[in-house]
Amino acid sequence: MKYFRSFLRYSPFQKIMKMETSSTATSQKCIKEGQAEIRLASEKVFYNPVQEFNRDLSIAVLSVFTKDYIEEKLARAAKSVKKSEDIVEDVTGNNSEIPVTVLEALSATGLRSVRYAKEVPNVTKIIANDLSEQAVETIRSNIVHNGVEGLIETSHDDACMVMYKHKLPSKRFAAIDLDPYGCPSIFLDSAVQSVQDGGLLLVTATDMAVLAGNSPETCYCKYGAVSLKTKSCHEMALRILLQCIEQHANRYSRYIVPLLSISADFYIRVFVKIYSGAIHCKKTTSKLSMAFHCVGCDNITLQPLGGFKPNPTEKNPQQMKAFLPPAPAVGEHCVHCNQRHHLGGPIWSDPIHDDVFVTRVLSHVQGNPGLFGTAKRIQGVLAMVREELPDVPLYYTLDKLFGRVHLETMPMLTLRSAILNAGYKVSYSHAAKLSIKTAAPAQVIWDIIRTWEKTHPIKPAKLESDPVAKHILSQDIRSGIDLSERPDANPISRRDGQLRFQFNPTRHWGPGSRAAVNIGEEKISKAIRNQNKYSNKDKTAEKRGHSPSNQDDSHKKSNVNFEQTVM
């Protein structure tokens, strides 16, 4: 029996699949998800059940988008024809004249494409592409098994080349789904060129360590932005990805309109429309900002790259003029804790959701709960997204605020009530359970904490040992703070008991590794094998009469003897 691994460049199927050849016929496993059923050989292949939420949400978004896409195309056709009344009646009566083609550039097993074909209305054609020949064979068998040969076409090619071949407006796709293993940036240049005007890009990124600030230099290389290690890193990751897509689109006089941006589990997922228009691309600077991050109190101050101000004339009273805002937005030291700043970005500072679109997607899921295995979770997440303040980028977190000054943590409803009592709006973020998203100035937030400290004082020893906490708490309270709770501080999604933040559903749950089993009892066998490996080594050493500490001591002694010999 021979074993081999195929680690090609693009597809998660190619990167993770470990094949086993045998002279005997291979048994097959059937996986049912939604209305699709795919067959997998018993060898190790990539299928991640945790991504069912991702696929369900994508189907819900596409179901609403296809209807909007057709209506938008019909409206444009009506405007382009002078005598449009008769023509519009003919066109609206037959939606099949508006092609809705979808590309899944990295198809792997073909499950997502099969589900799109069976569950998304108005789709006329789907291309399921993969660079791996074994993957394409699996896709073909699954297409036949599900009886969707008339809708899905397979492609065995480089993902970027497939998209570059569809750059012409007549060949462009209505929607392109990019769900790679890791960073999607290498696909964005071709993707923004090969999607229709008003088309949809569905983009996933799983390299969260890079986006969350662990490697800012790598983030700049891949996404063109410096990431920051902050508590709001998950929303920061979404905004870095959005600005990356916008930058690629601007090179071809195109721009993005975010419909929905989600941080879930171990990845982020954005749904953006792509439009053409050089005049709109000039507004990009007003949608992007640099971020000054205080290393002491974790406060973030945004510095827009540009802006627009009124410049009325007689011919055009609504005319606007671009300007460059004054910089920097902060001093050398933070006014709250007297510490220095780190500079990150640029990030997308415009809204990351379309509230009307999100409401329609939520209504679609609520009206068809039986279509989605993760319907409750989708409803909970979208309910939180609707409650988010659209014009407030990033957020604070409860544990970081009070941990910074070593105070007993204030109840979340008390803090939210205090912000509302001060006259400012507040919301959660779907990206963090303890998030506080508010337009209130940082001075008001720290005044609330200083007011709380009056009745819940810090221990003197901790205050003296931490100059940052001492500096923050020693400042005067400038705002009138009222800590009395109010009923509207509790959001509707929380009162209704929505499934907002899901616990890990299974053991060894997560993104998996490149060469691991993601199905059945063998899932992530390497991770299971390596659990407690260091403690197991210690126990083995103790049984042999050699404790780890003794081994370390003997090792140190041998090093000392060696050094003495050398000297």
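The values are calculated or read from the model by the stated rules, or taken from the named source; none is laboratory data. It should be emphasised that the depicted structure is a prediction, and the values quoted were computed from it without experimental measurement. No Cβ is skipped: glycine too gets one built from the backbone with ideal geometry, and neighbour counts run over all protein chains shown. When the accessible area is computed, the model is the full protein with side chains, heavy atoms only, and any ligands, DNA or RNA have been set aside. Shrake-Rupley method; radii C 1.70, N 1.55, O 1.52, S 1.80 Å.
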Among helices (runs of 4 or more DSSP H) entirely inside region 1-114, those with 2 or more residues being surrounded by 13 or more Cβ atoms within 10 Å (Cβ to Cβ), modelled with pLDDT of 85 or more and touching a Phe, Trp or Tyr at 6+ places or on another chain (Cβ under 8 Å) are 52-80
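Condition check ((1) surrounded by fewer than 17 Cβ atoms within 10 Å (Cβ to Cβ); (2) out of contact with any His (no Cβ under 7 Å at 6 or more places or on another chain); (3) farther than 25 Å from GLN51 by Cβ) across all residues:
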residue	(1), (2), (3)
GLU246	no, yes, yes
ASN250	no, yes, yes
ARG254	no, yes, yes
ALA264	no, yes, no
SER276	yes, yes, yes
HIS280	yes, yes, yes
THR285	no, yes, yes
GLY296	no, yes, yes
GLN303	no, yes, yes
Quickly run through region 194-229 and pick out the residues that are in a helix (DSSP H, G or I) and free of Cβ contacts under 8 Å to residues at least 60 places away in the same chain.
ALA209, VAL210, LEU211, GLU217, THR218, CYS219, TYR220, CYS221, LYS222, TYR223
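So is VAL405 touching a residue at least 60 places away in the same chain (Cβ under 8 Å), buried (at least 18 other Cβ atoms within 10 Å of the Cβ), more than 30 Å from ASP56 (Cα to Cα) and among the hydrophobic types (A, V, I, L, M, F, W, C) or not? Lay out the reasoning, then the answer.
On the way: touching a residue at least 60 places away in the same chain (Cβ under 8 Å): yes; buried (at least 18 other Cβ atoms within 10 Å of the Cβ): yes; more than 30 Å from ASP56 (Cα to Cα): yes; among the hydrophobic types (A, V, I, L, M, F, W, C): yes.
Here the answer is yes, as VAL405 does meet what is asked.
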Evaluate the following for ALA278: is it over 29 Å from ASP197 (Cα atoms), without any contact (Cβ under 8 Å) to a residue 40 or more places away in the chain and within 28 Å of the chain's Cα centre (by Cα)?
no
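Hey, could you check region 183-209 for residues that are under 12 Å from the mean Cα position of the chain (by Cα) and not polar (S, T, N, Q) and say which is surrounded by the fewest Cβ atoms within 10 Å (Cβ to Cβ)?
Narrowing region 183-209 to residues under 12 Å from the mean Cα position of the chain (by Cα): 183-184, 202-208.
Applying the additional criterion that residues be not polar (S, T, N, Q) yields 183-184, 202-203, 205, 207-208.
Numbers: CYS183: 20, PRO184: 25, LEU202: 25, VAL203: 24, ALA205: 25, ASP207: 24, MET208: 18.
Once the filter is applied, the top-ranked residue is MET208.
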What are the pairs, 6+ residues apart or on separate chains, where a residue within region 442-455 that is closer than 9 Å to LEU483 by Cβ and modelled with pLDDT of 95 or more has its Cβ under 6 Å from a residue that is in a helix (DSSP H, G or I) and open to solvent by less than 10 Å² (accessible area, probe 1.4 Å)?
ILE448/ALA418
Of the residues ILE256, ILE268, only one is under 16 Å from ALA432 (Cβ atoms) and not in a helix (DSSP H, G or I); which?
ILE268
Given the conditions (1) buried (at least 19 other Cβ atoms within 10 Å of the Cβ); (2) under 27 Å from the mean Cα position of the chain (by Cα); (3) assigned to a loop (DSSP other than H, G, I, E, B), every one holds for MET384 apart from (3)
Report, by residue number, each residue of region 488-513 that is more than 19 Å from ILE262 (Cβ to Cβ), surrounded by fewer than 16 Cβ atoms within 10 Å (Cβ to Cβ) and modelled with pLDDT under 80.
THR506, ARG507, HIS508, SER513
Which residues, taken from region 124-140, are free of Cβ contacts under 8 Å to residues at least 60 places away in the same chain, closer than 18 Å to CYS30 by Cα and surrounded by fewer than 24 Cβ atoms within 10 Å (Cβ to Cβ)?
VAL136, GLU137, ARG140
For residues that are out of contact with any strand residue (DSSP E or B) (no Cβ under 8 Å at 6 or more places or on another chain) and open to solvent by 50 Å² or more (accessible area, probe 1.4 Å), tally how many sit in region 341-363.
4
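With the requirement that a residue be open to solvent by 40 Å² or more (accessible area, probe 1.4 Å) and outside any loop (DSSP other than H, G, I, E, B), what does region 408-419 give you?
Hit for region 408-419 is LEU413, nothing else.
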If PHE372 satisfies all but one of (1) closer than 24 Å to ILE481 by Cβ; (2) of a type in the set (Phe, Trp, Tyr); (3) over 19 Å from the mean Cα position of the chain (by Cα), what's the number of the condition it fails?
(1)
Considering region 153-168 alone, what residues qualify as being buried (at least 17 other Cβ atoms within 10 Å of the Cβ), assigned to a helix (DSSP H, G or I) and not small (Gly, Ala, Ser)?
CYS160, VAL162, MET163
Let me spell it out: the conditions are (1) open to solvent by 50 Å² or more (accessible area, probe 1.4 Å); (2) at pLDDT 95 or above, and GLN319 meets all of them except one. Which number is the exception?
(2)
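Return yes or no: is LYS171 open to solvent by 40 Å² or more (accessible area, probe 1.4 Å), touching a residue at least 24 places away in the same chain (Cβ under 8 Å) and among the charged types (D, E, K, R)?
Values: open to solvent by 40 Å² or more (accessible area, probe 1.4 Å): yes; touching a residue at least 24 places away in the same chain (Cβ under 8 Å): no; among the charged types (D, E, K, R): yes.
Against the criterion (open to solvent by 40 Å² or more (accessible area, probe 1.4 Å), touching a residue at least 24 places away in the same chain (Cβ under 8 Å) and among the charged types (D, E, K, R)), LYS171 does not qualify.
Take region 387-402 and flag every residue that is buried (at least 20 other Cβ atoms within 10 Å of the Cβ) and within 30 Å of LYS454 (Cβ to Cβ).
Selection gives LEU394, TYR395, TYR396, LEU401.
Output yes when any residue across region 413-420 is of a type in the set (S, T, N, Q) and under 30 Å from SER363 (Cβ atoms), and no when none is. Before the answer, list the steps.
So the first thing to find is which residues in region 413-420 are of a type in the set (S, T, N, Q), and the list is 414, 417.
Restricting the remaining residues to those that are under 30 Å from SER363 (Cβ atoms) gives none.
Checking region 413-420: not a single residue is of a type in the set (S, T, N, Q) and under 30 Å from SER363 (Cβ atoms).
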Out of GLY380, GLY423, sole residue that is closer than 21 Å to SER484 by Cβ and modelled with pLDDT of 95 or more:
GLY423
Selection status of THR154, within 29 Å of GLU37 (Cβ to Cβ), among the polar types (S, T, N, Q) and touching a helix residue (DSSP H, G or I) at 6+ places or on another chain (Cβ under 6 Å)
yes
Top-ranked residue in region 210-237 [being surrounded by fewer than 24 Cβ atoms within 10 Å (Cβ to Cβ) and within 14 Å of the chain's Cα centre (by Cα); ranked as farthest from LEU288 (Cα to Cα)]:
VAL210
